[in-house]
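Structure first, commentary second.
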Amino acid sequence: MHKLSKHTILTIGILAGLIFGGVVGQVMFTAYGGNVPTAALEGFKFIGDTFFIGLLKMVLIPLVVSSVIVGVATIGDPSQLGRVGGWTVLYYLCTMVIAVVLGVFLVTTVAPGDPNRDGSGIGPEVIAKGEAAYGHEGELKRQRIEKKAEAGRHGVAGALWESFRNIAKQLIPANPIGAAAKGQILPVIAFSLILGIVLTSIGARGQPLIDVFRSLFAAIMKLVDWILWLAPMGVFCLVTWTVARLGGEELLRPLAKYMVVVVAGLLVHGLIVLPLVLWVFGRTNPYVFICQMREALMTAFGTDSSSATLPVTMECAEQLGGVSKKSAGFVLPLGATINMDGTALYEAVAVVFLFQCYGIELGTTELAVIVVTATLAAVGAAGIPSAGLVTMVIVVEAVNNSLGGDKTLPLAAVGIIIGVDRILDMCRTTVNVWGDAVGAKIITRIAPDPG
Ligand code: ASP
C-alpha cells in the first residue's frame, strides 16, 4: 500500500482538528444556548495553550537565536548581508502598504458600516451594545488599548515617532538575556544579528561558537518536528474554544458585511497579490508554494499567533518549500514580528468601518493618515493573538487628531468589533505568515545556500 508521508498525515490531522473543532464548538454553543460553562471552555483553552502553543513558545527563543546566528554566519559577506537586509525591509514595507491600500479601497467602496447605503448598516443599538461590551472588557486589555491610543493622539508625526522609538529601543537591548527571558523577539533578533556578524568577522576564533549554534539549531528543528505531531490536537482545542465561546449567528449577523470585507481583502491579498509578487520576483509557482507551506498556514489559523507559528513556518519553508537556510534564518524570524500584511489590511478596514458606523466622514487626508499609520501600527503589533486590535487604536486616534476635534470616534467604539476579533485574527494571522513565507522565498533568489 502507498505509504503516506509524515507531512501528508500531519496535514490531514490539522485539517481534521480545524473542522472537528468548528463542529464541536458549534454543537456546544447550541447545546448550552450560548452560555457554555466556563470550566469546559477553559479546559479546551488550557490544553491547547499549554500542550501546543506552550511547547512552540518553549522552543521560540533558542530557535530565533540559533537560526539568526547560523543564517548570518552562512551569509558571511557583509555586503551580501546588507543587500539581503535592504531587500527584506523593502519587501515588508511595500507589501504592507499594498495591503492597507487594498483594505481602504474595499471598505470605502462597500461601506459596510454606512447605514444609508442599503439600510443594513450598523444601527444605534449595535453601537450601544458594542460600547457596553468595551466597558466589560478586562481592565488590563482596556489599559493596553488606552495606552496605545495615547501614541496616536499626536497625529501621524506622533505615530511615526512612537513607532520609531519603539523599534529603536528594541534594536539596542540593554540586556539581551533579560529580553530573552521576557520572550521579546525583536531585541533577541537584534542581538543575535550583531553576534552573528561579529563571530564571522573574527574568523577561526568564531567558528567553534558558530558550530555550537548550528548544532543547537539542528536539535531545535528536530524538536519542532516532534511538537508538530501535537498540532492536530492543539488546533482542535483552540478552535473548539473559539467557536463554543462565540458561536454563530447572533453576534455575527450585524457585523457580517464588515467581516466579509476583511476576509475578501485578505483573500485577494493572499491569493492574488502575494502570489503575483512571488511569481514576478521569485520566479516560483505560488500555488505550489502555498501547498508546501500548508501546515504553517493552518497552524497560524488555529493558533492566532505568528510568533508561535514561527517554528512550523521555518520547518515547512526549509524542508518542503525550498527556502534557503540563509533566507529562512533571517527573513522569517524578523517577518514574524515586523511583517504583517494581514494585520495592516485589517486595521485599515476596521478603522474606516468604525468611523462609518458613527457617521463620521473621512476625507482624502484622513485616508492617507490611515495608510501611513496602519502600516506602522501593524509593524508595531507583536505576533500574538489580538495584538492588531490593540495597536489599531493608534490609527483611530491619529485620524481623530487629523479631523481636528469637531467629531471624534470614542475609544469605546472598539467594543463593536471585539466580539468577532478572534475569528478575523485567525484569518489575518494566516496572511501574515504567508507574507513572511513569500518574502523568504523571494530572498532565497539573492541568498541561495551554497552547493
Ligand atoms: N495575531 C496576529 C499575528 O500573530 C497579530 C494581530 O493581532 O493582528 O500575526
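Assuming a ≥ b ≥ c are the square roots of the Cα gyration tensor eigenvalues, decide whether the stretch 128-238 counts as rounded (a/c under 1.5), prolate (otherwise, with a/b larger than b/c) or oblate.
Taking the square roots of the gyration eigenvalues as a ≥ b ≥ c, the stretch 128-238 is oblate.
Looking at this model, which pairs from Lys141/Lys407; Lys222/Lys326; Lys6/Lys141; Lys141/Lys257; Lys57/Lys129; Lys45/Lys141 are more than 30 angstrom apart at the alpha-carbon?
Going by Cα-Cα distance, Lys6/Lys141; Lys57/Lys129 fall outside the 30 Å limit.
Expected output is a single nm value to one decimal: the length gained when fully extending between Gln26 and Ser201, i.e. 0.36 nm times separation in residues minus the C-alpha distance. What is it?
57.3 nm
How much length, in nm to one decimal, is gained on full extension between Phe281 and Val97, taken as 0.36 nm per residue of separation minus their Cα-Cα distance?
Between Phe281 and Val97, full extension yields 64.5 nm more.
Using only the Cα atoms of the stretch 360-433, build the gyration tensor, take square roots of its eigenvalues as a ≥ b ≥ c, and label the shape rounded, prolate or oblate: rounded if a/c is under 1.5, else prolate if a/b is larger than b/c, else oblate.
Taking the square roots of the gyration eigenvalues as a ≥ b ≥ c, the stretch 360-433 is prolate.
In the stretch 2-53, what trypsin sites (Lys or Arg not before Pro) fall in a loop by DSSP, with at most 11 other Cβ atoms inside 10 Å?
Lys3
Fewest Cβ neighbours within 10 Å first, please rank Met426, Met96 accordingly.
Taking fewest neighbouring Cβ atoms as first place, the list is Met426, Met96.
Return the distance in nm (one decimal) between the two label points of a simple spin-label model at Glu125 and Ala157, each offset 7 Å from Cα along Cα→Cβ.
Each label point is offset 7 Å from its Cα along the Cβ direction, giving 4.6 nm.
Would you calculate the separation in nanometres between label points at Leu140 and Ala181, each defined as 7 Å from the Cα along the Cα-to-beta-carbon direction?
2.0
Can you sort Thr309, Thr430 by how many other beta carbons sit within 10 Å, fewest first?
Listing Thr309, Thr430 from fewest to most nearby Cβ atoms yields Thr430, Thr309.
Mind giving me the FRET efficiency for Phe51 and Leu267? R0 is 35 Å, r the Cβ-Cβ distance, nearest 0.05 is fine.
That gives a FRET efficiency of 0.65.
So what's the gap between the Cα centers of the stretch 17-74 and the stretch 313-369, to the nearest angstrom?
21
Considering all alpha-carbon pairs of the stretch 207-310, what whole percent are spaced by more than 21 angstrom?
Of all Cα-Cα distances in the stretch 207-310, 58 percent exceed 21 Å.
Could you calculate the FRET efficiency of Lys6 with Asp406 from 1/(1 + (r/R0)^6), where r is the beta carbon distance between them and R0 is 45 Å, rounded to 0.05?
Computed FRET efficiency for Lys6 and Asp406 comes out at 0.15.
Rounded if a/c is under 1.5, else prolate if a/b beats b/c, else oblate: with a ≥ b ≥ c from the C-alpha gyration tensor eigenvalues square-rooted, which is the stretch 398-449?
Oblate, because a/c is 1.5 or more while a/b does not exceed b/c.
Which ordering of Leu271, Leu228, Leu55 is given by a fewest-first count of other beta-carbon atoms within 10 Å?
Ranking Leu271, Leu228, Leu55 by Cβ neighbours within 10 Å, fewest first, gives Leu271, Leu55, Leu228.
What is the log10 of I(q)/I(0) for the chain, computed with the Debye formula using one identical point scatterer on each Cα and no solvent, at q = 0.12 Å⁻¹?
For the chain at q = 0.12 Å⁻¹, log10 I(q)/I(0) is -1.02.
Among the aspartates and glutamates, which fall within straight-line cross-link reach of Lys325, defined as a Cα-Cα distance under 12 Å, with same-chain neighbours fewer than 8 residues apart omitted?
Hits, sequence-local ones excluded: Glu315, Asp449.
Computed from the coordinates by the stated procedures, all read-outs in this text should not be read as laboratory data. Note that the structure is a prediction, hence the values are computed from the model and not measured. Glycine gets a Cβ as well: all are built from the backbone with ideal geometry, and neighbour counts include every protein chain shown.
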